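Report on one structure; see the data block that follows.
The values are calculated or read from the model by the stated rules, or taken from the named source; none is laboratory data. Only a predicted model underlies this, so the values are computations on that prediction, with no experimental measurement involved. Here the Cβ positions follow ideal geometry from the backbone for every residue, glycine too, while neighbour counts run over all protein chains shown. Accessible surface areas use protein heavy atoms only, side chains included; no ligands, DNA or RNA. Shrake-Rupley method; radii C 1.70, N 1.55, O 1.52, S 1.80 Å.
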Amino acid sequence: MRRLTPVLALGALLLTALPAHAADGSAHRESYGTKAPYEPQQSADSYERPPAGFEPVFTENVSRHGSRTATDSADGDLILALWDKAQQQGQLTDTGEEFGPRVRALQAAMSRVGYGNLSGRGRQEMRDTATRMERRLPTLFAKIADAGEKIDVVSSGQGRAVDSAGEFTGALASADPALEPLIGATRTDKDLLYFHKAAGGAAYRDYIAGDQRLKDTLASIEDRPRTYEAAYGVLRRLFAEPFVDRIGDRDRVGAAQAVYNLYAIAPAMSEESPDPDGRGWDMDRFISRSDAAWFGYLGDAQDFYEKGPGFAGSDITYKMADVLLADFFRQVEAKRAGTSDLGAELRFTHAEEIIPLAALMHLPGSTNPATPGEPYAYADNPWRGASVAPLGADIQWDVYEKDGRYLVRMLYNERETPFRTGCHPIGKGSTFYDLTELERCFGRS
């Protein structure tokens, strides 16, 4: 989660209900937001079987990089400076005494891995996802190997995306060594997989930098009594009451958010944990579940407006993802036309691309923009960062053919997922769609 936007005048405060699990303090991965580690959402043995006679001829995906370290040391540095001061003054709680050493160990582990780089867990996530892909489509990968078809690999060019591609394709080659010479070197396409920073994202960047409605809406969400209550609660777990009372409201929020950010990144660092008992970093000792849920909601709100469905009547946050959706269609259409020698197209990118693509495609959870003047809230909007774009999030199209007829099935985080409303599957309740129907539904000629 990024730093909270500057506070505007309070005005009318709109109460935002947290889901029941957050309100009653029960554990839930939603509190990690888009830092939630990857979990496949369906068992492969429960997938719908393709219609008789249809065989897989192509697969393509776009994957967010796997679990990673924090992008820098700012959160740890900020809270440790406060912790050192409290220690010098004898103002640490019993829990707070444990906090400083734990954060320093986590910081050291992230520094060894490299800030912004894939963690051990992230590398394993990529290998496991690739292995499951190969096991789901054994006849396709056998055909690729036998026919000498190519596997194209493309990334944003950022280190963690490049490394994710390497782990993923390495696992495919390990599963079937005959695939190794068919896997192309990972190429970079920023226009396709880093579009929020490329030429196609210019209008989007203007929106992020200067849209007053965006700034006002985020401020109205963030500047609520619950934010200050949560911040106070987080710091009181660590520091004595007189010490916390001397910290100004906004500084409390910044410090508490640093604690939350360390809590949120800790699961991604599970393989680097020094604990031999499997507890991981155990950072949830330092923040209550209800306070973590609130900061998770604030992070979701920011991602919702800056990358996701955003405001009703505006597509500024996701229109630029059309370049990626168009590439999905282009690859399948080339296969149908007989102009492609590819058996698979594998893409590796970031949350800034997955979240807009999910909104553009109306994937589950990304169908409801917020009405201006009625801020995004958990109570009436299903969008959750942990479901839409967890670390390692993956959108995959599997293509099947029989007698010149092409069917497409979509997996979203490995769950069979219907295409958007208005697209008609081959039968009621099916997740298979004629390619021609998808072209009609998405307005492709």
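Applying Stokes-Einstein at 25 °C and 0.890 mPa s to the Kirkwood radius of region 28-132, computed over alpha-carbon pairs, gives a translational diffusion coefficient of 140 µm² s⁻¹.
For Asp128, the accessible surface of its heavy atoms amounts to roughly 60 Å² (probe 1.4 Å, protein chains only, rounded to the nearest 10). Using heavy atoms of the protein chains and a probe of 1.4 Å, the accessible area assigned to Thr139 is about 80 Å².
Full extension of the chain between Asp322 and Ala142 gives 61.6 nm of extra length, using 0.36 nm per residue less the Cα-Cα distance. Counting only Cβ charges, +1 for Lys and Arg and -1 for Asp and Glu, the dipole size of the chain around its Cα centre is about 320 debye.
Region 135-158 and region 427-441 have Cα centres lying 24 Å from one another. A simple spin-label model places the labels of Arg205 and Glu55 4.8 nm from each other, with each point 7 Å out along Cα-to-Cβ. A Cβ-based charge dipole, computed about the Cα centre of region 348-409 with Lys and Arg at +1 and Asp and Glu at -1, lands at about 160 debye. Projecting the Cα atoms of Tyr38, Ala312, Ser366 onto the charge dipole of the chain, computed from C-beta unit charges around the Cα centre, puts Ala312 farthest toward the positive end. Set against the 2.2 N^0.38 Å expectation for a compact globular protein, region 32-77 has a Cα radius of gyration ratio of 1.94. Annotation: amide H-H contacts under 5 Å for Val57 (H modelled 1.01 Å from N, sequence separation of 5 or more, or interchain): Val399, Tyr400, Glu401. At q = 0.14, 0.31 Å⁻¹, what is the base-10 log of I(q)/I(0) for region 285-343 according to the Debye formula with one equal point scatterer per Cα and no solvent? Please give it to two decimals. Log-scaled intensity ratios, in q order: -0.64, -1.13. Modelled spin labels at Ala105 and Thr71, positioned 7 Å past Cα toward Cβ, are 2.8 nm from each other.
Per the Kirkwood formula applied to alpha carbons, region 243-363 shows a radius of gyration over Rh ratio, Rg over Rh, of 1.15.
Inter-part distance, region 161-193 to region 48-83, computed on C-alpha centroids, equals 15 Å. Residues within the reach of a label modelled at Ala178 (point 7 angstrom out along Cα to beta-carbon, backbone nitrogen below 19 Å), restricted to region 319-344, are 341-344. Say R0 is 51 Å: what FRET efficiency, to the nearest 0.05, do Glu98 and Ala185 get from their beta-carbon distance? Approximately 0.65, to the nearest 0.05. The residues packed around Gly310, meaning those with a beta-carbon under 15 Å from its beta-carbon, carry a net charge of -4 if Lys and Arg are +1 and Asp and Glu are -1. Over every Cα atom in region 346-396, the radius of gyration and the widest Cα-Cα span, Dmax, amount to 11.9, 40 Å.
The trypsin sites (Lys or Arg not before Pro) found in region 136-181 include none that occupy coil by DSSP while having at most 12 further C-beta atoms within 10 Å.
Which of the helices in the chain, when you take each full DSSP H run, stretch at least 27 Å along the axis at their Cα atoms and have an average Kyte-Doolittle score of -1.0 or higher? What comes out of the filter, once short or polar helices are dropped, is 94-113.
For Ala370, the residues 5 or more places off, or on other chains, whose built amide H falls under 5 Å of its own are Gly310, Phe311, Ala312.
Evaluated at q = 0.12, 0.17 Å⁻¹, the base-10 log of the normalised Debye intensity for region 333-445, with identical point scatterers placed on the Cα atoms, takes the values -0.51, -0.95.
If you model region 52-94 as an ellipsoid using its alpha carbon gyration tensor, with each semi-axis the square root of five times an eigenvalue, the axes come out at 53, 12, 4 Å, biggest first.
Across 10 Å bins from the origin, how do the percents of Cα pairs in region 185-245 run, short distances first? P(r) over region 185-245, rounded to whole percents: 18, 22, 20, 22, 15, 3.
Ordered from longest to shortest, the equivalent ellipsoid semi-axes for the chain are 41, 25, 18 Å, each the square root of 5 times a Cα gyration tensor eigenvalue.
Take Glu352: with every protein chain present and a 1.4 Å probe, its accessible area is about 60 Å².
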